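Peer 1: Next up is a structure, given as structure tokens.
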Amino acid sequence: MAARLANGFALDLVRLGGFGRDVIDGLLLVAISQANVAQITRNPELQRTYATLDQPPPDEIRRPVSVSAIANSLRLPFETVRRRIAALVEHDVIKPARRGVIIPTAPLDSPFYRMGAEANYSLVRNLYFRLRGVGLLDDLPQSSGPPFAPDRPPVRLVIRLSSDYLLRLAEPVTQYMGDLVTGLLLMDVIHANTEHLPDTEGGDAAAGWEVNAFVRDDIRKPVRPATLSERLGIPQETVRRHLQRLLDADRCERKEDGYIVPGRVLARPPFVQFMLDNQSHLHRLYTALSDFGVLAEWEREVVALRGAA
């Protein structure tokens, strides 16, 4: 269950990070933004200083990042990253700098960005309560920092921490699933197959990571290439080409009305290790949120709402 929720969460973060662009541009923008403010993410005091929506980090503390550094961090071909970054510069999404590129403060403080930022914050918050609802995250440490004011939620802090989580997945995706595009496509097939199911629907919890531990294949909903293309912002021909690679590698199955990733594939060691890595990174994200007092504030909000009712 945790693996299914974590998979969908990662895909939603990629889509939000792209602000309407395809998933690869979304990952590029997340990686550039995080590299620009790396000195903030390493400093708890600066994390708190620039935690809320009305406190964007100014341009003077943003550090440019090179094309090669982004390509290496995402394990993408240099030429692909260079070409896409050039297009983003041409569309004024990012700015060239002396030693690389930056995403300046202005677009990160626009009404459009704020809408996406609040959606990201809600996504992380909602997943926390969904995971708690199925009995997970009970072992998180207690908050060690002062709480944030309820009327000034730490939206930017949550975005930076969740973006770190997302970027950590680049290595296991490419290691266990192939190249990044194929990996993201495979993740979305898995998600599309099961997103119609309630959180309580799953396999046999006592089966460990055997086939019976996963959702039964007969209740997986096949997904068509056109739907995947729309969901990921990738051309249909590219989707079909990568799906064929997955078929050839026996990583998915073609059904009459679309594609599924069956339980027998998910139970293979590489996929199990990816899911374990994803869950580990997710636990690290919520541990950091607990350390900053974010989870305690969310719990207080829920208690207050119940009291008001």
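Here, each number is a calculation from the coordinates, and none is a lab measurement. Since the model is a prediction, treat every value here as computed from it, not as a measurement. Because the Cβ atoms are built from the backbone with ideal geometry, glycine has one as well, and the counts that use them run over all protein chains shown.
Peer 1: Report, in deg cm²/dmol and to the nearest 500, the calculated mean residue ellipticity at 222 nm for the chain, where each DSSP H run with n ≥ 4 adds -39500 (n - 2.57) and the sum is divided by the residue count. Working shown, then result.
Peer 2: Values: 15 runs with 185 residues, N = 309.
Result for the chain, helices only: -18500 deg cm²/dmol.
Peer 1: What does segment 143-294 give for Rg and for Dmax, in Å, if only its C-alpha atoms count?
Peer 2: Rg, Dmax (Cα atoms, Å): 17.8, 55.
Peer 1: OK, next. Starting from 0.36 nm per residue, how many nanometres of slack lie between Glu237 and Gln279 once their C-alpha separation is accounted for? Can you show the working numbers first?
Peer 2: On the way: separation 42, 0.36 × 42 = 15.12 nm, distance 3.21 nm.
Stretched fully, the Glu237-Gln279 segment lengthens by 11.9 nm.
Peer 1: Then there is this: If you place +1 on the Cβ of every Lys and Arg and -1 on the Cβ of every Asp and Glu, how big does the dipole about the Cα centre of segment 210-309 come out, in debye to the nearest 20? Don't skip to the end; give the middle numbers.
Peer 2: Details: 16 positive and 15 negative charges, 59 e Å.
Result for segment 210-309 is approximately 280 debye, rounded to the nearest 20.
Peer 1: At each listed q (0.14, 0.20 Å⁻¹), what is the log10 of I(q)/I(0) that the Debye formula gives for segment 1-152 modelled as equal alpha-carbon point scatterers?
Peer 2: Cα-only, vacuum Debye calculation for segment 1-152: -0.82, -1.40.
Peer 1: Moving to a separate point now. Taking H placed 1.01 Å from N in the peptide plane, check which residues at least 5 places from Ala97 or on another chain put their amide H under 5 Å from its amide H.
Peer 2: Here Ile102 satisfy the definition.
Peer 1: Only Lys, Arg, Asp and Glu count, each charged at its Cβ (+1, +1, -1, -1), so figure out the dipole size of the chain about its Cα centre, rounded to 20 debye.
Peer 2: Numbers: 38 positive and 38 negative charges, 131 e Å.
Approximately 620 debye in magnitude.
Peer 1: Shifting gears a bit: Computed over the Cα atoms, what is the radius of gyration of the chain divided by 2.2 N^0.38 Å, N being its residue count? Don't jump to the answer; show the numbers that get you there.
Peer 2: On the way: Rg = 19.8 Å, N = 309, 2.2 N^0.38 = 19.4 Å.
Scaled against compact globular proteins, the figure is 1.02.
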